[in-house]
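Chemist: Below is a structure I'd like to ask you about.
The values are calculated or read from the model by the stated rules, or taken from the named source; none is laboratory data. Just so it is clear, the structure is predicted and the values come from calculations on it, not from any experiment. Virtual Cβ from ideal backbone geometry, glycine too; neighbours counted across all protein chains shown.
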Amino acid sequence: MKQLSGLDSAFVYLETATTPMHIGSLCIYDQSTAPGGVVGFKDIIRFFGERLHKAKAFRQRLVTVPMSLGHPYWIEDPEFDLEFHLRHIALPKPGDWRQLCILTARLLSRPLDMNRPLWEAWVIEGLNNVEGVPKNSFAIVSKVHHAAIDGISGAEIAAALHGFSPDDEVEPPETPWVPDREPTSLEMLGRNLINDAKLPVKLGRFAYDGAKSLTRLAAGLITKQIRLPGGAPRTRFNDNVSAHRVFDAVTFDLNEIKKIKTSCEGATVNDVMLTICGGALRKYLASKEELPERSLVAMAPVSIRQDDQRGEEGNLVSVLSIPIRSDIDDPLERLHAVHAESSEAKRFTFTAGPEVGMELFGFIPSTTTGLTARAYGKLRLAERFSPTFNTVITNVPIGKQTLYSMGSQMVAYYGLGPVFHGVGLFQALMGYGDNITVNVVSCRKMMPDPAFYCECLRESFEECRSRTRDVSNNRP
């Protein structure tokens, strides 16, 4: 048994019927590379079964402390049933991209069963008319609760199910899997008392680290080496979300993105993608006559996972607050501004100590966290408080090498994430092979037209590319 951290537990407390807190992916596979050119559903079940030992999240489920007096625990589920977690479905004809997006959004909208290991994988057949996808390909929509993984550990789970060749074989587990006995309520209360006894020591360590962070912050602010992040303007994405989701995605050539970044010294691929998203949101909101004068602000999660923490479940993340300069029309000027804002955000977060905010969740009483999360939605507090962020934009590189799973070549990888009250737009930047994809998840009432937003992304990209060419042509 292992207790969830305060941050991991917060994702459990945020779980409601309208705000399911799972992340995941939509992967498309060409089964022509598999032995015999066909992958059956039983083959997929066997494939997953041989790899369950590669990630703890597959067979762990939650057990709670009575009366929510402490954070939940993970146990190895004694009732684990692999076939409950693997589902099989097909698109109706014609089996096109729009149908796949709608089905993905519907699956993403469904909460996970919190009494089971917190993941599902839906095998989708019938992709017969998706542009750029070989005939007879299939897709897998996977969902894993955010309490179990962050973006980096999620990529590690993906790595457990993929290899670099069609005939990749998995090493057997070093020791047999042993399920846990479900603990009694009395045992859970006893564990909670032991953890409470350790709290003063943990609190003292946190206070010491916090004091150092405050000292660094004060020095940085006084010397003007850093500045406090500002708030965000209110937009349609800063309201309560419904239970319904939309999904769509746009893929760009990574080499073209790298060319754009050369027009701003020191800029990164991430800076260019933030610039494109800022331009797209500018276009989208302007078309609704809702463009604020101030820049929209992105919550950008960053991993603080060390090398010796790879393979661990849970979340080890901090967040950057980055204005994406939707207030600037010129794309090149916007790129320079985003690069400056990104650099400033990194200075602030790493001066403050990125781990301090994560540790803070460990000292908030579990009953308080749960009640606050539920009240925030029921009382529609997102409408009453000034927003801090307008969108989540997270960057999760998958790698340039071609991946295979179940003997099938992965031809496309799309990222899925949660939206929640107050921040109803999630955008994942996924780099795979020579492409980078902007994956868009939103509340259906906030963004009823995701295909139009994707068109705004394309236009924003083309403007950035055009301006970069103009600058290159005018160089002496």
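Chemist: Considering only segment 48-88, how many residues are over 20 Å from Thr184 (Cα atoms) and of a type in the set (Gly, Ala, Ser)? Give the derivation first.
Modeler: In the first step, residues of segment 48-88 are kept if they are over 20 Å from Thr184 (Cα atoms); the result is 48-58, 81-88.
Within this subset, residues satisfying the condition of being of a type in the set (Gly, Ala, Ser) are 49, 55, 57.
The total comes to 3.
Chemist: So which residues in segment 13-51 are modelled with pLDDT of 90 or more, under 25 Å from Ser109 (Cα atoms) and assigned to a helix (DSSP H, G or I)?
Modeler: Selection gives Phe41, Ile44, Ile45, Phe48.
Chemist: Still on this structure: Please tell me if Trp122 is without any contact (Cβ under 8 Å) to a residue 40 or more places away in the chain and under 20 Å from Gly40 (Cα atoms). Please lay out each step first, then the result.
Modeler: On the way: without any contact (Cβ under 8 Å) to a residue 40 or more places away in the chain: yes; under 20 Å from Gly40 (Cα atoms): yes.
In short, yes.
Chemist: So, one more: Go through segment 264-299 residue by residue and tally those that are surrounded by 21 or more Cβ atoms within 10 Å (Cβ to Cβ) and hydroxyl-bearing (Ser, Thr, Tyr).
Modeler: Residues flagged as surrounded by 21 or more Cβ atoms within 10 Å (Cβ to Cβ) and hydroxyl-bearing (Ser, Thr, Tyr) within segment 264-299 amount to 3.
Chemist: May I pose another question? Check Gly377, Gly407 and return the single one that is in contact (Cβ under 8 Å) with a residue 40 or more places away in the chain and over 28 Å from Asp253 (Cα atoms).
Modeler: Numbers: Gly407 fails: over 28 Å from Asp253 (Cα atoms).
Result: Gly377 is the single residue among Gly377, Gly407 that is in contact (Cβ under 8 Å) with a residue 40 or more places away in the chain and over 28 Å from Asp253 (Cα atoms).
Chemist: Turning to a different aspect of this structure: Out of Ala55, Ala34, I need the residue that is out of contact with any Ser or Thr (no Cβ under 6 Å at 6 or more places or on another chain) and of a type in the set (Gly, Ala, Ser). Which one?
Modeler: From the options Ala55, Ala34, the qualifying one is Ala55.
Residue-wise test of (1) among the aromatic types (Phe, Trp, Tyr); (2) without any contact (Cβ under 8 Å) to a residue 24 or more places away in the chain; (3) under 14 Å from Trp119 (Cβ atoms); (4) not assigned by TED's automatic domain parsing to the domain that holds Ala159.
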{"residue": "Ala10", "(1), (2), (3), (4)": "no, no, no, no"}
{"residue": "Ile44", "(1), (2), (3), (4)": "no, no, no, no"}
{"residue": "Phe47", "(1), (2), (3), (4)": "yes, no, no, no"}
{"residue": "His53", "(1), (2), (3), (4)": "no, no, no, no"}
{"residue": "Gln60", "(1), (2), (3), (4)": "no, no, yes, no"}
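Chemist: Output the residues belonging to segment 65-82 that are in a strand (DSSP E or B) and surrounded by 18 or more Cβ atoms within 10 Å (Cβ to Cβ).
Modeler: Selection gives Tyr73, Trp74, Ile75.
Chemist: While we're on this one: Where in segment 386-467 are there strands (runs of 3 or more DSSP E), lying fully within it, with 2 or more residues that are surrounded by fewer than 20 Cβ atoms within 10 Å (Cβ to Cβ) and modelled with pLDDT under 95?
Modeler: Here the list reads 391-399.
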